[in-house]
1. Take the Cα atoms of the protein assembly as shown, find their three principal axes, and give me the spread along each one in whole Å, biggest first.
2. Calculate the radius of gyration of the Cα atoms of the range C:185-262 to one decimal place, then report Dmax, the largest Cα-Cα distance, as a whole number, both in Å.
3. Within 10 Å of each Cβ in peptide B:399-406, how many partner chain Cβ atoms are there on average? Round it to a whole number, please.
4. In which sequence would C:Val62, B:Val161 go, from the one with the fewest C-beta neighbours within 10 Å to the one with the most?
5. Could you please rank B:Leu453, C:Leu75, placing first whichever residue has the fewest other Cβ atoms within 10 Å of its Cβ?
6. In degrees between 0 and 90, to the nearest 10, how far off the longest principal axis of chain A does helix A:90-125 point, with axes built from Cα atoms?
7. Which three lengths, in whole Å and largest first, does chain C cover when its Cα atoms are put on their principal axes?
8. Rounded to the nearest 0.05, what FRET efficiency do B:Gln522 and B:Leu274 give with R0 = 30 Å and r taken as the Cβ-Cβ distance? Could you check?
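Here, each number is a calculation from the coordinates, and none is a lab measurement. Because the structure is a prediction, the values reported are computed rather than measured. Every residue, glycine among them, receives a Cβ derived from its backbone with ideal geometry; neighbour counts consider all protein chains shown.
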Amino acid sequence: MAGRSAAIIGRIAQAVPVIIGVVVISFILTRALPGDPAVQFAGLAATPESIEQVRVKLGLDKPMPEQFLIYVGQLAHGDLGQSIATGRPVAEELASRLPASLELTLVALVLSCIIAIPLGVLAATRQGTWVDQLCRILVTAGVSLPTFFTGLVLIYVFYYLLGWAPSPLGRLDFVFIEPDRVTGFYLIDAALAGDWETWTGALKQLILPAITLALFTLAPIARMTRASMLSALSADYVRTAKAAGLGSRQVLFTYAFRNALLPVVTTLGMVFSFVLGANVLVEKVFAWPGIGSYAVEALVASDYAAVQGFVLTMALLFVVLNLIIDLAYSTIDPRFGTGAR
Amino acid sequence: MLSVKDFAVSFRTRRGDVDAVKGISFELAKGERLGIVGESGSGKSVTSYALMRILDANGRIKAGDAIYSGIDLRRASEGEMRDIRGREISMIFQNPRAALNPIRKVGHQIEDVLRRHNQASGHDARDKAIAALEAVKINDAEKRYDAYPFELSGGMCQRIVIAIALACDPKLLIADEPTTGLDITTQKVVMDLVDDLVRARGMSSILITHDLGLASDYCDRIVVMKDGVIVEEGPPQELFSNPQHPYTRKLVDATPRRNATIRSLLPEDERRPLEPHTVSTTPLLEVLNLRKTYAGKSGPVHAVKGVSFTVHKGESVGLVGESGCGKSTTSSMLARLFDPTSGQILFKGQDIAEMPAAGFARNPLRGRIQMVFQDATDSLNPRHTARQSIAEPLKRMSDLRGKALEARVEELAHLTGLPPHLLDRFPHQLSGGQKARVGIARAIAPEPDFLILDEPTAALDVSIQAVVLNLLADLRARLGMSYLFVSHDLNVVRLLCDRVIVMKGGEVVEAGPAQQVMDNPQHPYTRELLSAAPQPPERQNAA
Amino acid sequence: MATVLDAPTASAQPPKMAQPAAVKSGALAHTLYVLRENPVTALSFGMFAFFIASAVIGPYVVPYDPLATNSAMSLKPPSLAHWFGTDNLGRDVFSRVIVATRLDLIISVAAVALSFVIGSFIGAISGYRGGWLDTVMNRGLDIIMAFPLFVLAMGIVAALGNSVANIIYATAIINIPFYARLVRAEVNIRREAGFTQAAKIAGNSDARVLAFHIFPNALPPMMVQVSLNLGWAILNAAGLSFIGLGVRPPTPEWGIMVAEGANYIVSGEWWLAVFPGLWLMLAVFTFNLMGDGLRDIVDPRRRT
């Protein structure tokens, strides 16, 4: 259908103003810094002359619009500035740490979907039973748990008390050697190298932080699944399907579940927002060498280029994820972009 | 073929069990067409869901038997029921668009049923599904196979629902309000189609409807239900000519017929003589070449294409047409809810079309033109009591305050027959008829000269429609208002109106005195509308 | 249900005299009814009262000075003298947890109030007016929503500077889109509703229709949002201080206390982090439970 593809192109085009807005806001955040960035960059032993030199070098003496154009120009070259703390380009450091964050996030998200969606479906089909009660408790408790607190409790129980989990320090215990970098995802790289010991080691390190994040994201997904499944099950088309004698599995999956999935997919966008934020906290708790802990270290060191680079990267990542979600949505909903809802 | 005996259904609610069906019995012979007629809450739909065993989780069959061709429908296992549904007994529903899976191709939805009942396998399912579409007279069935419900019209969706129901050649078809929400001409087409198919295949059918007239057109025998019990049954002719039960009599009276008068809709003992209303020759409202064009997605949409008419002082004019004909757009422009694209609306000689709708609330003419809305539930603020709703226009547009305001609200309640103790209730605590009265009381509060009635009875049961129409007739005589009665139903409009305007596609196709348009319609569309309306038999002993 | 015909014979009550008073006492009775009917709601309101009491009188009744250090008493497990134990500087954890309530509640309530007011205003206008104004506002909100919210809050606090006020602003900004979207949707579906048109016909100007007829009807779903957001706001503020933004030590605040205690978890001194974490969790839990109850209270349709 021509209308469909036009709608999909329209959706992709919609991301453009959002990206521009994101860039503008991160520029504003950079310039709204308390204190004078030139003083920061010039270092402790700076004289007024050296500060002025830095100011000119950074282009901070130019008018704002021009500064913005320079900023955009740098972005276009993938230049996010230099980290004061490490002296390395921010973009490079973020790129090397991104796979760690993505691996954690995706494993956690898959984990929570695997648990939350069946749980929500069961709770909806067995309304009022113990499954439903369990779902309600998990949902209410899940949104109330501060992720950093859950992480600490898990560490206390599974590392300190039971000794089941390895020490919560990073992606891999020091006895293992990092697998050769192909994707940057240790689980994939180790599997590609056929090094199953490292693979198990990486998995062990991953389990606790992934569970921590998954517990947090479980609640919104399970709640949305339950609610949308309930409304789909009471919809007229399910009654039609039942009245036509269709089997309960077909009614449940082809008719109710596929329709119920639509709002759940939409909710995933919100969940991604939560999970990317919570990532920062979980990475700090588990000393996970991702971009979140990089940002926390940068905050402590007042390393603003690094913090702003992190904020921008996260926003762009989120925009892309949302785009993917909407495109996935368009494949399951034939009404996408037609205005008929 | 189907024998129902002492059948009772109850629902578990927070306040204990509620009996929806209280022990009903009826028989259905092979090839017979049965109608179950009742107003909302009579238990007619619940009966059909219970027979199919597709009640909600909190409903259950409490007592009685339902035997279909030797099978005990109450005690059959869920697996047996699944084989019966769609294969032996099928069902079609109201609101056809919602009754179809919105994200599955209609062809696949038909195939699902065919495969479930082993009527088709992988290689011939598509052909059989297309054949099923052709059976319900869908043109270009090959192409429609790949359509999604949102791409089809309401009438077309209902055909698909019928195709699904009849795909496996069931012996019994249950149709639950199959045409509610469809236009009257579409209703006729759909009902004729169902009737032809049922007769051609020698099936039995049960038509569940609130419309006694529709049931009398398409059924051999009618069962009348009220509050979960059957009060009367018999052939339509007999029911209409000689209703035995008082409720049947009331229902028969309230069903609009060709020769009915507005008072004859009421039960005989309530028919006080109608006070005549006087129509002057002074025009109150002159509409000249009114147009409204919207910017649509694919070019401009011409909702109203140059409409002109006049309403005289004290006159009632009916504006009739089907959905999308522009009648609601026209009435909203006259009510000054939004601005016309061009044209004049002369009210007492002043062109109110020139006064922007946005500021019309502060115009002294605001109180002269009032409106009663279609859905009484929707038109009352859920957070306001009846008293607050009725007082609202008085607070905005009069100086009445305190005791005087209270007195006026109670006077209005009295005038519209609303018991004073209901004034402090919220809309959800009132019945449909009571809400309609609140809506009317609010509209007449500023003593308007011109009252627009936008399908004021469309959401009401017929017996309450009869009461509300009579209330409107009495108020007109007492207060000397002019009415513009907007409706899809010529039979109802005729009862209240002196003159009728028929609209189609944004244009007036016919206008004239009500009786003349009814008896001698000039335009083919008016004739179509008239012939599409159900023609219930006359009640012989009616006064 | 009584039909229109038998209504006049229904039990006749004397018409109520003073109408506003009647409505008000009805609201109070309704609140009590909701609380009685749903024990979970009653429990959550009880817990809320406890947190409010902690915030108001907590600093005056706690057994120890939350800032007083005592190196002789450092890292003692919970005991009768120190219910929640002591921290690495010998400060009483219980006193610190209770005193922290005030700061955490102030942050969340102030942030939610700000976003409620601004978001409602934007959403109501945008939903009622539609057109280009709506489009512009929506795009603006899209851009805020394009950031992972906690990350945006980090960026804002980092840029504006480490202070409690900036935490409040950051939390308010990231919550505005939720209110704006919700109000916009609620207003939008009622823009063409019968009672809206009826209100116009009754002589209400657009502003009056929006403020007195449409907006109050959006309140029930908003109450759920407010209560959920109070929880989020606390989590958000605690998360920010956990990573060293906003509130600074030695000020007692739940997030910082968990962060400080985190280092002692691996050596077994669990009470430093667990009690402030538990309190944080309870507070969020309370707000989440309150949502449905609040909605039932502001929704007249729940009155029977």
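1. 108, 72, 63
2. 21.3, 63
3. Mean inter-chain Cβ contacts per residue within 10 Å come to 1.
4. Going from least to most buried by this count: C:Val62, B:Val161.
5. C:Leu75, B:Leu453
6. 20 degrees
7. Taking max minus min along each principal axis of the Cα atoms, chain C gives 83, 51, 28 Å.
8. 0.55
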